[in-house]
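Have a look at the structure below, then the notes.
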Amino acid sequence: MYICKQIFGQLLNINERKIASFPAITMYEKTFPNKRFKHTLDFLKKHVSTSETIFDLGVPNPFSKIMQENGYQVKNTGGEDLDKDQSALQKESYEVFTAFEIFEHLLNPYTVLENVKCDKLVISIPLRLWFSPAYRSKTDMWDRHYHEFEDWQLDWLLEKTGWKITAREKFTHPVKKFGFRPLLRYFTPRYYIVFAERVKN
């Protein structure tokens with residue numbers, strides 16, 4: 001047990017050093033998921049130019065602010081129920097659609113994708129973990145996961161709505177806790193992010 005704690009502690013220290021080396025997100029160091037934000041921004045920069053306007057699904061949030069600080073022009077939805085109202089997707093002008101950890105909260109992501117009018121998108125989701133139940137807040141009805149995807153399920157959803165994935169990555173999300181399940185999170189991918197383009201008929 002002592003050896004396991006030593007190894008686990010070393011992994012945490014390595015991860016913290018990597019996070020601290022990313023200046024754009026150090027302001028969120030004690031509150032927000034820095035590793036996820038860094039990985040997401042790195043992926044976005046590989047596939048989306050700052051000259052392209054982004055429509056980011058969901059209300060303004062810490063990551064949409066990070067995108068703006070890195071030169072992106074970002075528009076957001078206004079807090080409407082996206083399962084019932086996708087009108088903003090049709091009314092706004094944008095060149096890239098993004099949804100970062102949003103689809104798992106929706107009952108109807110298929111209809112959202114049908115209403116996207118641009119030709120590029122970036123989506124990330126939390127993957128279903130075999131050792132953990134689906135997330136559900138006991139105090140906030142909006143903060144719960146209706147879907148926890150396997151990677152093939154998101155791939156299928158995009159294929160059915162006319163999109164072709166051209167880049168994909170998975171990454172882990174360690175937590176600062178001791179135990180068997182926190183240890184598994186060091187090795188088990190928790191997030192899946194994809195870049196896709198609309199299939200032209």
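The values are calculated or read from the model by the stated rules, or taken from the named source; none is laboratory data. All values reported here derive from a predicted model rather than from experimental measurement. A quick note on method: Cβ atoms are made from the backbone with ideal geometry, for glycine too, and the neighbour counts reach across all protein chains shown.
Examine region 75-89 for a residue that is modelled with pLDDT under 95, basic (K, R), surrounded by fewer than 16 Cβ atoms within 10 Å (Cβ to Cβ) and not in a helix (DSSP H, G or I), and state whether such a residue exists.
yes
On the given criteria, is N34 modelled with pLDDT under 95, surrounded by 14 or more Cβ atoms within 10 Å (Cβ to Cβ) and under 26 Å from L113 (Cβ atoms)?
Criteria not met by N34.
Quick one: in region 52-74, of everything that is of a type in the set (A, V, I, L, M) and not in a strand (DSSP E or B), which residue is modelled with the lowest pLDDT?
V59
Would you kindly identify the helices (runs of 4 or more DSSP H) lying entirely within region 95-201 that contain at least 2 residues that are over 27 Å from K65 (Cα atoms) and at pLDDT 60 or above?
Because the criterion is at least 2 residues that are over 27 Å from K65 (Cα atoms) and at pLDDT 60 or above, the helices (runs of 4 or more DSSP H) in region 95-201 that meet it are 151-160.
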